[in-house]
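Structure record follows, encoded as structure tokens.
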Amino acid sequence: MALQQRFLIIISLLTLHSALAQQHESAMGKPRTVVTTDGEVDDVDTFIRMLLYSNEFDVVGLVYSSSQWHYKGDGKGTRFTSEMANTAKRYGERTDLRWPGVTWMQEYISKYAQVYPNLIKHTQGYPTPDKLLSLVRVGNIDFEGEMRQDTEGSNFIKQLLLDNNSSPIYLQIWGGTNTVARALKSIEDQYKNTPEWSVIAQKVSDKAIIYAVLDQDATYQKYIVPNWPGIRVLYNADQFWSFAYKWPQVVPTELKSYLEGDWFAKNIRFGHGPLLEAYYLWGDGKTLPGDPEHWRSEMTEANKHGISQYSFISEGDSPAFFYLINVGLRSRENVAYGGWGGRMVQSPTNLRRWEDGKTVTDYNPYTQQQDAAYPQTRWIPALQHDFAARADWCVKPYKEANHPPRVKLNHAENLNVQPGQTLNLSGLATDPDGNAVQYHWWQYEEVDTYPGKVVINQSNQAKASFVVPTDAIAGQTIHLIMEVTDTGTPALTRYQRVVATVVARKN
């Protein structure tokens, strides 16, 4: 058999193995993830919340990186101008920019260590503080977009992408993509002109999944897109704003109470241990080391912007790990399904890229308009209640805190249906705290390929039903969400999703 044919067979087998591994990982295992961060104040707050959810996924790397907003400089006085137009205009030529250093993650892990003994009373799976500390690396930080040299961080990511574990690695990009780009470039440099290149390129492309919040340097567009077209990318450019600095302009009035000072003071900042005492909020008087532009800590600025003390600042990167939390919405199975990490659709020009944008909207019932941020905004109450419960886990004994209900379906999650058929839906929820639970079945219309609405009978019961519309066409889908909320404090919500696919009516 010719060498080229053997390689083609190997590539096909690797692709099949990767697909099967991803299916198994999605159904059974915790997703592996690497965080890359530039240390913006919203990265710090995201990091704090992420630590409270670190039992939900397998953190395999914590890497400092740079961005258009934060870089260290090379220590030689080299002057640098951003490739990003808005940053170049704002800052001009610089030797460094708002650099927060490379010890802050370790400092927050030490605070996590103080609440860790209480967290593990509430659920299994939290990584030990020592395990998290062992994962911290310094990546490419000298300048925005710097990817010319290998770093400890880029080599660490490279090793993960080349390891023998075929399960996907979700690369969270909280700053720039440059350290990930350098890891990929190093793999290319090592294997490009060798017989193994085709197999290695396919292996890495199958494993790496990038979740990026905006482009915060040019390395994704300039290097990753042309050189690694097979890597899957989830790109959040609009929906994250409901959890970022612009939330006062994006979140409807009816939901703003979950992000305002009274809520955060009561549920997060005070009385919940040292980790959450370190969470940054508007007007809290705390300065962010290395960032002279952290003016939101001043009450004069809060008053100027009409924002109450201790209000939410930003966690613009949190959707990247929200996406990995398995709450029953199945969005990790398909990001187009929508879930706590937002909803994206496949790019028409790059089938390995999923993105949000102005055309990816959900109906906002508060404004009665289609809204490009609402695929993320709609989950704010559930997300914030869940955050408050995790904050309680830091300090309260098990019996005094609330824990989410366990929800399952009594039938398959994927069902074939025929036009005119009555489909019976059934689920069951149990609550670990003995609280009563409330059921709510609803149709996620924006995700359906069937363009109309269905009427769900007994939508507030464990058992519900609906009639498949007679105008439904074979191949169309209808998404039904079973949402279960307990009656504890704070009330916690979990889900199950049924995807009903229309098949041709039998004669």
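The values are calculated or read from the model by the stated rules, or taken from the named source; none is laboratory data. Predicted, not measured: the structure shown is a model, and the values here were computed from it. Cβ atoms come from the backbone with ideal geometry, glycine included; neighbour counts cover every protein chain shown. Only protein heavy atoms, including side chains, enter the accessible area calculation; ligands, DNA and RNA are left aside. Shrake-Rupley method; radii C 1.70, N 1.55, O 1.52, S 1.80 Å.
Values as computed for the structure displayed
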{"read-out": "Some residue of the stretch 296-315 being open to solvent by 50 Å² or more (accessible area, probe 1.4 Å) and within 30 Å of Thr477 (Cβ to Cβ)", "value": "no"}
{"read-out": "Residue match in the stretch 144-155 (condition: within 22 Å of His294 (Cα to Cα) and outside any helix (DSSP H, G or I))", "value": "yes"}
{"read-out": "Residues located in the stretch 111-134, provided they are assigned to a loop (DSSP other than H, G, I, E, B) and under 24 Å from Asp386 (Cβ atoms)", "value": "Ile120, Lys121, His122, Thr123, Gln124, Gly125, Tyr126, Pro127, Thr128"}
{"read-out": "Some residue of the stretch 250-257 being of a type in the set (Lys, Arg), free of Cβ contacts under 8 Å to residues at least 40 places away in the same chain and under 27 Å from Ala372 (Cα atoms)", "value": "yes"}
{"read-out": "Residue in the stretch 321-338 that is among the basic types (Lys, Arg), in a loop (DSSP other than H, G, I, E, B) and over 15 Å from the mean Cα position of the chain (by Cα) present", "value": "no"}
{"read-out": "Filtered residue count, the stretch 181-235, keeping only those that are part of a helix (DSSP H, G or I), in contact with a helix residue (DSSP H, G or I) (Cβ under 8 Å, 6 or more places away or on another chain) and not charged (D, E, K, R)", "value": "18"}
{"read-out": "Per-region count, the stretch 311-345, residues among the basic types (Lys, Arg) and under 17 Å from Thr493 (Cα atoms)", "value": "1"}
{"read-out": "Among the residues listed as Thr349, Thr367, the single one being open to solvent by 30 Å² or more (accessible area, probe 1.4 Å) and at pLDDT below 95", "value": "Thr349"}
{"read-out": "Members of the stretch 407-434 found to be in a strand (DSSP E or B) and either farther than 14 Å from Ala462 by Cα or touching a residue at least 60 places away in the same chain (Cβ under 8 Å) (or both), listed by number", "value": "Val407, Lys408, Leu409, Asn414, Leu415, Asn416, Val417, Thr422, Leu423, Leu425, Gly427, Ala429"}
{"read-out": "Sole residue being free of Cβ contacts under 8 Å to residues at least 60 places away in the same chain, of a type outside the set (Lys, Arg) and closer than 22 Å to Ser314 by Cβ, chosen from Tyr91, Tyr71, Tyr64", "value": "Tyr91"}
{"read-out": "Selected residue (only one of Arg98, Arg49 is crowded, with 16+ Cβ neighbours inside 10 Å, in contact (Cβ under 8 Å) with a residue 40 or more places away in the chain and over 23 Å from Arg182 (Cα atoms))", "value": "Arg49"}
{"read-out": "Condition met for Leu383 (buried (at least 20 other Cβ atoms within 10 Å of the Cβ) and either within 24 Å of Leu119 (Cα to Cα) or not acidic (Asp, Glu) (or both))", "value": "yes"}
{"read-out": "Only listed residue being closer than 24 Å to Val335 by Cα, in contact (Cβ under 8 Å) with a residue 12 or more places away in the chain and open to solvent by 30 Å² or more (accessible area, probe 1.4 Å), chosen from Pro195, Pro229", "value": "Pro229"}
{"read-out": "The stretch 264-306, residues that are in contact with a strand residue (DSSP E or B) (Cβ under 9 Å, 6 or more places away or on another chain) and within 22 Å of Tyr112 (Cα to Cα)", "value": "Phe264, Ala265, Ile268, Arg269, Leu281"}
{"read-out": "Any hit, the stretch 170-177, residues being in contact (Cβ under 8 Å) with a residue 60 or more places away in the chain, farther than 24 Å from Tyr53 by Cα, hydroxyl-bearing (Ser, Thr, Tyr) and in a strand (DSSP E or B)", "value": "no"}
{"read-out": "Scan of the stretch 316-346 for residues that are of a type in the set (Phe, Trp, Tyr) and either closer than 17 Å to Ala372 by Cβ or open to solvent by less than 10 Å² (accessible area, probe 1.4 Å) (or both), ordered by number", "value": "Phe321, Phe322, Trp340"}
{"read-out": "Unmet criterion (only one of (1) open to solvent by less than 30 Å² (accessible area, probe 1.4 Å); (2) part of a loop (DSSP other than H, G, I, E, B)) for Trp441", "value": "(2)"}
{"read-out": "Matching residues, the stretch 122-149, being buried (at least 16 other Cβ atoms within 10 Å of the Cβ) and acidic (Asp, Glu)", "value": "Asp142, Glu144, Glu146"}
{"read-out": "Residues within the stretch 363-385 that are outside any loop (DSSP other than H, G, I, E, B) and over 22 Å from Ser314 (Cα atoms), tallied", "value": "3"}
{"read-out": "Number of positions in the stretch 450-486 that are open to solvent by 70 Å² or more (accessible area, probe 1.4 Å) and in a loop (DSSP other than H, G, I, E, B)", "value": "9"}
{"read-out": "Complete set of residues in the stretch 440-457 that are among the β-branched types (Val, Ile, Thr) and without any contact (Cβ under 8 Å) to a residue 60 or more places away in the chain", "value": "Thr449, Val454, Val455, Ile456"}
{"read-out": "Some residue of the stretch 410-426 being closer than 30 Å to Leu52 by Cα and crowded, with 18+ Cβ neighbours inside 10 Å", "value": "no"}
{"read-out": "Every residue from the stretch 52-87 that is in contact with a helix residue (DSSP H, G or I) (Cβ under 9 Å, 6 or more places away or on another chain), open to solvent by less than 10 Å² (accessible area, probe 1.4 Å) and of a type in the set (Ser, Thr, Tyr)", "value": "Tyr53, Ser54, Tyr64, Ser65, Ser66, Ser67"}
{"read-out": "In the stretch 201-218, residue surrounded by the fewest Cβ atoms within 10 Å (Cβ to Cβ) [restricted to those that are under 19 Å from Val345 (Cα atoms) and either under 13 Å from the mean Cα position of the chain (by Cα) or of a type outside the set (D, E, K, R) (or both)]", "value": "Leu214"}
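Rundown of residues vs (1) surrounded by fewer than 17 Cβ atoms within 10 Å (Cβ to Cβ); (2) modelled with pLDDT under 95; (3) more than 30 Å from Gln384 (Cα to Cα), yes/no style:
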| site | (1), (2), (3) |
| --- | --- |
| Trp174 | no, no, no |
| Thr179 | no, no, yes |
| Gln190 | yes, no, yes |
| Tyr220 | no, no, yes |
| Tyr223 | no, no, yes |
| Gln239 | no, no, no |
| Tyr258 | no, no, no |
| Trp263 | no, no, no |
